[in-house]
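The values are calculated or read from the model by the stated rules, or taken from the named source; none is laboratory data. From a predicted model like this one, the values you see are computed outputs, not experimental measurements. Cβ atoms come from the backbone with ideal geometry, glycine included; neighbour counts cover every protein chain shown. Note: accessible area is taken over every heavy atom of the protein model, side chains too, but ligands, DNA and RNA are not part of it. Shrake-Rupley method; radii C 1.70, N 1.55, O 1.52, S 1.80 Å.
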Amino acid sequence: MRKFMISVAALSLLSACGMGGGASEDASGDGTGTVELAEFPERPLWGDTHLHTDNSFDAFGFGARLGPEDALRFASGEEVISTTGVSAKLSRPLDFLVIADHAELLGGIRRLYDAPRVMIRDETMRKWYDMMHESPQESQRAMSEIIAAAAANTLPAGMNDPEANAEAIAGVWTAHLDTLDRFNRPGKFTTLAGYEYSLVPGGNNLHRVVVFRDGSEKTKQTLPFGWDGTDEANVSQLWDYMEGYEKATGGSVLAIPHNSNMSDGTMFELTKHDGGPMTAEYARRRAEHEPIVEATQIKGDSESHPFLSPNDEFASFGDVGWELGNLTDPSSKENGMFAGEYLREALKRGLTIEQQTGVNPYQFGMIGSTDSHTALATGDEDNFFGKHTGNEPRGERGNEAQNLGTRKGRFAWNYLAGGYAAVWARANTRAEIFDAMERREVYATTGPRMVVRLFAGFDFADDAFDGDWVRDGYANGVPMGGALVDEGKAPRFVVSALKDPEGANLDRVQIVKGWVDASGNTQERIYDIAWSDPANRLMSGGKLPAVGDTVDRAKATYENSIGAAELNTVWTDPDYREGQNAFYYVRVLEIPTPRWTLFDAVRFGVELSAESAANAVSQERAYSSPVWLNSPKTGA
């Protein structure tokens, strides 16, 4: 609450910085009443909830010189020139964007860079100033030092005091909100206000993207809440801030955890953040404020890990490099930490905690996003502009060592091309997109825009797809993100997956189920429920044969001569047990396609390292938000 009071006190500063950016009332509000709402969501809206511009301290230090306006122009389909001078354009515009610059040092590194050198009294800050002005390479080294210092809580005092920097931060925030309003076009392209809360004690990534439902009249009444750099800081302080904002403005805000794969087991703990027993109230606050989690992005995929799911042949996607350590120490990881990092295990832990406290803290939906620090929201393998400006397109980037806090441990080819968030909303407005996130009617993809739909109920017919199955799904069941109350019979699932019209065919559709058995142990099982070429791909030993591989490694191409454009099915849980709480989510796999590293190798004529070459082809995927089956005692 203290931080929100500071934010309210800064309102005079916000007024001094200028209220109102000249946008229309429709553009500056939450979109309510501006466009006609569909009866129910008709198509997924595509967006990125996690993009950084030159207002982020690390993005600027790594060399980014594109700001929020450039980011919005790019995401809405315009061509822009990247910081390193490369023409950049999406093949299709996005429907919405959340620019999530770090709250900490918001605009601060640019201020240091632009400051008169003689005015910089701190020796460390003067050293970083000199490094940033010497060369792009030295600027990147300075940024690695700053990230490591932030994780170790050794930043110079002048850089880490939000109260001392409040006036400058207020100016950046207000200008940013005005820019969002200028680009917000209800019904066509939506800009949501947000920022990143970058809690990283000891290098353990506990970051959250904070997203507002509201227009600028309300979001201008606060300032981004950042980590104060102390070891005592914890996520409940962010929840305090969020509750303070909602109480003071009547608005709504949610938080999205990300990169749990780099938290050294601390993102999804069985206890409270301080090691104390999990309580119902703590679980309730977490579930209320964090309804969705970022499952996949440039810094790896957090859905599953082979150590936790040894029977899942597809569990290792996007894990290489990121399983070694936390954000700043790529050697800190022990196997016992994985259970607190990967989303499938977190969903299982949520069921266990629910049995103990009556509340499930980890009843979350899943999205993907980029976490790009170039201001370019690219999620496509053939259009990858790098994690940051230091690795925008060029020949050898895939083979280089690349870690954020040090220069050891990880390589650029470990980085994924990114991900996107798909949102089932009734209209393309701030309020409707936010509300869909709150009810978890969202899903994640690793970049391809495949269309995935999931309904769960008890009475869906085998021939459901012969009728108006979407209307029936809403009328007689729940969509992804929903919860069913056990009626004493096996749940049925209506599942549909369509390929990305510009992408690869589909290999298979799976349902991932998790539950707690009679002994109190968590269990999981993967079901292949629909797949391409079923006449020839027959189950053997409980396994489905591989779909094949058409990738031409010499040309970085593939053919849609295998796989299917569409997979639909109605599936019933064959292992249902009455009274057993469970979750179910859909995983859709594409046929094998080239990764960005292979596109780079062909484009620039470079030879990939042996490890990179062995990982140059992958099966892109989508993860739906789960549906929960709860006993009548637990309820929906």
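So here's what we get for this one:
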| quantity | calculated |
| --- | --- |
| Segment 334-408: C-alpha pair distances exceeding 19 Å, % | 59 |
| Separation between Cα centres of segment 164-235 and segment 75-145, rounded to whole Å | 17 |
| Relative contact order computed over segment 382-527 (Cα-Cα under 8 Å; 6+ residues apart), in percent | 16 |
| Cα pair distances exceeding 24 angstrom across segment 433-564, given as percent | 45 |
| Part-to-part distance (alpha-carbon centres) for segment 444-487 and segment 264-304, which is given in Å | 26 |
| Segment 381-492: C-alpha pair distances exceeding 21 Å, % | 58 |
| Relative contact order of segment 167-249, pairs being alpha-carbon contacts under 8 Å that are 6 or more residues apart, as % | 26 |
| At 1.306 mPa s and 10 °C, Stokes D of segment 123-253 from Kirkwood alpha-carbon radius, µm² per second | 95 |
| Binned Cα-Cα distance frequencies in segment 77-199 - 5 Å width, integer % | 2, 9, 15, 18, 18, 15, 12, 8, 3, 1, 0 |
| Global size of the chain as Cα Rg and Dmax, reported in angstrom | 23.5, 76 |
| Cα-based radius of gyration of segment 538-618 once divided by 2.2 N^0.38 Å, which approximates compact folds | 1.58 |
| Value of relative contact order over segment 539-636, rounded to a whole percent, pairs C-alpha under 8 Å and six or more apart | 33 |
| Quotient of Cα Rg and 2.2 N^0.38 Å for segment 179-313, N being how many residues it contains | 1.17 |
| Cα-derived Rg over Rh, computed across segment 263-320 with Rh taken as Kirkwood radius | 1.05 |
| Highest-first arrangement of 118-131, 87-100, 259-272, where packing means the average Cβ count within 10 Å | 259-272, 87-100, 118-131 |
| Accessible solvent surface per residue of the chain, calculated while the other protein chains remain in place, 1.4 angstrom probe, Å² | 36 |
| Positive-end extreme of charge dipole, the chain - chosen from Asn234, Val209, Gly365 (charges on Cβ) | Asn234 |
| Cα-Cα P(r), segment 48-96, percent of pairs per 5 Å interval | 5, 22, 28, 27, 14, 4 |
| Computed [θ] at 222 nm, helices only, for the chain once each DSSP H run of length n ≥ 4 contributes -39500 (n - 2.57) | -7000 deg cm²/dmol |
| Cα Rg, Dmax, segment 483-636, angstrom units | 19.2, 62 |
| Surface share of carbon and sulfur [accessible, 1.4 angstrom probe, percent] for the chain | 49 |
